[in-house]
Every structure is written in C-alpha cells, then in structure tokens.
Amino acid sequence: MSATSSPAAPPPGPQWDPYTYRPSAPAPQPFQWLRAGDPGRKAPATRRVVGLALAAGVLTSWLLADALGVNLLLCGLVTAVGAGIAARSAGRSVRPWTVVWSVLALVLLTVPALYEADWAVVLSGVCALGLASLALHGGKRWLGVLLALPGLAWQLVPSVRWARTGLRGLGLPGGRGKAVSVLKAALVAAVLLAVFGGLFVSADAAMAEVLEDLIPRVELEPGDLPQHAFLFCLGLLVSLGFAHIAAGPRRWDRTVVKPGRPRGRLEWAVPLAALNLLFGAFAVIQAIVVLGGRDAIMAKTGMSRSEYARQGFWQLMVITVLTLVVVAVANRWAPRATESDRRLAKLLLGALCTLTLVVVASALGRMWYYVDASGLTQLRLWVLVVEIWLGVVLLLVIVAGARRAAGWLPRAVVLSAMATAAVYGLMSPDAMVAEQNVARYRSTDRIDLRNIVGLSLDAVPALDRLPADQRACALSLVTRGLTDGPRPWYATSLSESRARDLLAARPVTDSSEACDRIGFHGR
C-alpha cells in the first residue's frame, strides 16, 4: 500500500466526524427547546402500558358517551396506572410534589361525580389534565411549571409512534401460540359469565336488578358509531400521552431564558413611585368611604348602592391583574447590582403589592354590596372567587419578596390556583347561588328568578323550599335538561340522584301557570 493512500472510508451517515469516526453533536435546530425529548430511547413502551391505554380507550368510549360522572374518575385511574407503570419502567422515583399534584388532580376528577354545574365540571377536568401533566413533567421554575401544565398537548402524536416502536421491538414471548391462548381464555371466560350470569338473572329478581344497574349499557346505533370512535381515540391518545411523558419527560426547567437587561434606577423607580402614590390616594379615599363617607359620595354621584358597586368592580379587577403584570416586568428589569438597588426594588414592589390588596378588598366589598342588593349569580360568584385568588397571589408575592429565596413561588401560585378550582367545584357553586337567593327571599319576600336561569340540578334542594308558585317556576328553569329516565350509575352524579328523588316525591305540574301568577316571563 502506498504511503499516500487515502484513509478508510468513514461509516455512512451525516452524524459522524470524518477524523475521529465518532458521532458528532447535531447542529442546533430552531425552537429546539420547545421539542420534547423522545422517551422511547430511555424506556420503551411495554405491552402492559399499551394494554392499559387500550383499556382506557374502551372505557372512555363505553362510559363517557352517556354523560360525565364517576366514569371520568374511573378512566383517570386507569390512565394513572398506565403512567405509573411507564415511570417505573424508566426508573423514575416518586417525589413529594408528584404526590401533591396527583392527589389534587384526582380530587378535581371527583367533582363530576358529585355535582352537575357545567362550568365547575369543565374547569375541574381541564385543571386535572394540567396537574397530571405537571406531576409527570416536574418543574419548579416559572417556565418549567407553566410549560408543563399544557405539556400533554404536544405529546399526543409522538406517543403513538413511541407505542408502535416499542411494541415492534418487543415481539411476542412464547410465539403466536401464546397470543392465541390468551384469546381463547378470554373467549371461554366471556361465555361462562354470559351463561351463568343469565341463569342468575332469571333465578333472582334482586340479582337481575343489581346486574342491570352495574353493567354498562351497550346499545349501539349506527349514528352513535362516530361518537364512540372519537371517544375511543381520545381515551387512547390521552393515556398514551401521559405514559409517554412518564417514560421520559421534557425537562422544561432546563430551558435557558436570557435575563432582562437591568435598567437605570431613574427609568424604573420613578414610574413605580408614581404608581404607588396613585394607589395610596385610592387607599385613602376607600378608608374615608369605609369610615362613613359613603353616603356623601353616593349623594354627589347620584348612584344607588348597587350601581356604585357594579360601576367599579370590573375596573378594580383589571387593576389587580395589571398590577401583577407590572410587578413581574419590573422585577425582571430592576437593577440588582448593589444592595441599595435591591432594597429599593423590594421597597417599591412590596408597597405596590400591599396597596393592591386595598384594591382587592375594595372590589370584594363592592361585589358584596352588589350581591346584597341584587342577589347572587353564577358569574358574580365566579368573579368573587377569582378576586380572592388574586389576593392570595399578591400575598404570596409579598412573602416571596420579603425572603431572599423565592424558588417556591411558581409552585405555590399554581397550587393556590388549582386548590381554588377544587374548592370552587366541591362547594357546589350552583347550590350556593340558589341558597343565597332563597335566603334573600325569606328576608325580603322578593326573589329575582333571572338569577336562577342557567343553574343545574345542584340547585334543586334549595329551590324545593320555596313557596308553591315560586318553587314550581324556579324548578322548571333548572330541570329542563333532565331526561325522562335515570342514566346509568357511572354517568349519574350524586346531585342528579338527589334531585330525582325530590322531584319524584313532589313533582312539578303547573310550572307555566305558576310563572304567570308570579309575573315571571324571562324563560
């Protein structure tokens, strides 16, 4: 061989260095930090994980077609087991915050089993999905926590490829004969259950009733097939998505965010100081109003108590939200080079948050007067809950600003938000609205049935205590969507079951005439 002969050809492929024959680092891609890693390289999909995902799809298609109830919790538990098996295969350990997020997600999934309020049920379901994603991803920084909440969305399609690749590499232990044996065993079990179950049903009426209530109904019409197919795919994808995250989550906390360039002290301190002065003036005016000047101010403005309360609530709520944005922006660009800079930033931002608490208290007070004058509604209760949560966030920000270590703040804010959603769902908001309006009727002998329109069956127990005409008219407004017969146990909430019992004991017969007699025509 000549001394000038060319070296041996390198292995094929663009990822090999031509001098060392070692794999070189791939070139960085645009938005690489937004791309989730491939968990198949760490923990491939197993037959149990895919089997549980299929079971979740079947349960979703079978149970959720009727309505929401205990079935949502059952599907969630099957999905959680599959994600747990995937995490164990990947060698992941359970951490305290994982337990906190997981338990809170399961608590949120119990809301549809208890109550019927649509908004509370939807909110609980969405929050449960976000918490489950956060529990599997982990994260404690702002970006890590906020990107982990919707993390399931971009794991759905990759999870299908992950499952297909994992199963392709597994093969069938024992050959095709073992798969045939499993199918034979399942078929024999189904035949035995059908035969002996039929005999028990025909032999005992009580046994027949129990089995009829427990076994989900299978009544497929040609027009229902698209709905069942969609629900099956949804359950399968969600279960595989969570298992995909558990097998190899994207570490959003590792995302590097370029820090903001510190501004000069004059650029940020003067605007914050001016804003503090404005908030301080508002706080002084509110103190005067609370101490007895409300009547004088209302006399000058010419507004009633209800109009005064309604006129300012929404503006004050927007002020609260914008203040949190201002605090976040100012905290990012405030100078921190010297101790005096840090002390001034802490003083100005802390004062602004403290004065904003006065805004929160004023907004809550105005809404309280508005509810006292006009009654409680779903929207009014919801904004009250949101305003209280904003006050909690401000308190957390103040505490974090007073302490040097504030790494706990992102998770604390998310925990407060999810706990608020859980409390809102579990306190049965529609029942609370009905209770307040019924109590107001007893004290004033007046009830605005417009506040009742749109309530769910959760309101039936409270409205059942109204006088005859008011009761008949109010119950007709909240029972419009009630089906003729009871739904299966897995699609029936505790609230619906209780409402059916009350309406069976005291049925509503002359609702139209009752509404005419009390002069209500807002249906």
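The values are calculated or read from the model by the stated rules, or taken from the named source; none is laboratory data. Treat the numbers as computed from the prediction; the structure is a model and nothing was measured. Cβ placement follows ideal geometry from the backbone for every residue including glycine, while neighbour counts extend to all protein chains displayed. Heads up: the accessible areas ignore ligands, DNA and RNA and are worked out on the full protein's heavy atoms, side chains in. Shrake-Rupley method; radii C 1.70, N 1.55, O 1.52, S 1.80 Å.
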Name every residue in the stretch 362-392 that is buried (at least 19 other Cβ atoms within 10 Å of the Cβ), of a type in the set (Val, Ile, Thr) and in a helix (DSSP H, G or I), in order of residue number.
Val371
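Does Ala472 satisfy the condition of being more than 22 Å from the chain's Cα centre (by Cα) and more than 26 Å from Leu324 (Cβ to Cβ)? First the steps, then the outcome.
On the way: more than 22 Å from the chain's Cα centre (by Cα): yes; more than 26 Å from Leu324 (Cβ to Cβ): yes.
Judged against the criteria, Ala472 is a match.
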Kindly state which helices (runs of 4 or more DSSP H) lie completely within the stretch 398-476 and contain at least 1 residues that are open to solvent by 10 Å² or more (accessible area, probe 1.4 Å) and closer than 20 Å to Val122 by Cβ.
409-426, 429-444
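Yes/no matrix, rows are residues, columns are (1) touching a helix residue (DSSP H, G or I) at 6+ places or on another chain (Cβ under 6 Å); (2) of a type in the set (Gly, Ala, Ser):
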residue: Asp464; (1), (2): yes, no
residue: Asp469; (1), (2): yes, no
residue: Ser476; (1), (2): yes, yes
residue: Leu482; (1), (2): no, no
residue: Arg487; (1), (2): no, no
residue: Thr492; (1), (2): no, no
residue: Glu496; (1), (2): yes, no
residue: Leu503; (1), (2): no, no
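Right, Arg88: open to solvent by 60 Å² or more (accessible area, probe 1.4 Å), closer than 17 Å to His244 by Cα and assigned to a helix (DSSP H, G or I) or not? Reasoning before the result, please.
Numbers: open to solvent by 60 Å² or more (accessible area, probe 1.4 Å): yes; closer than 17 Å to His244 by Cα: yes; assigned to a helix (DSSP H, G or I): yes.
Spelling it out, Arg88 is indeed open to solvent by 60 Å² or more (accessible area, probe 1.4 Å), closer than 17 Å to His244 by Cα and assigned to a helix (DSSP H, G or I).
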Exclusive hit being touching a Lys or Arg at 6+ places or on another chain (Cβ under 9 Å) and closer than 23 Å to Leu237 by Cβ, set Gly144, Gly138, Gly130:
Gly138
Exactly one of Gly151, Gly139, Gly69 is closer than 26 Å to Arg251 by Cα, modelled with pLDDT under 90, touching a Ser or Thr at 6+ places or on another chain (Cβ under 7 Å) and crowded, with 19+ Cβ neighbours inside 10 Å, and that residue is Gly151
Going residue by residue through the stretch 483-501, is there one that turns out to be at pLDDT 85 or above, exposed (fewer than 14 other Cβ atoms within 10 Å of the Cβ) and either assigned to a loop (DSSP other than H, G, I, E, B) or not β-branched (Val, Ile, Thr) (or both)?
yes
In this structure, does Pro173 turn out to be modelled with pLDDT under 85, surrounded by fewer than 22 Cβ atoms within 10 Å (Cβ to Cβ) and more than 12 Å from the chain's Cα centre (by Cα)?
yes
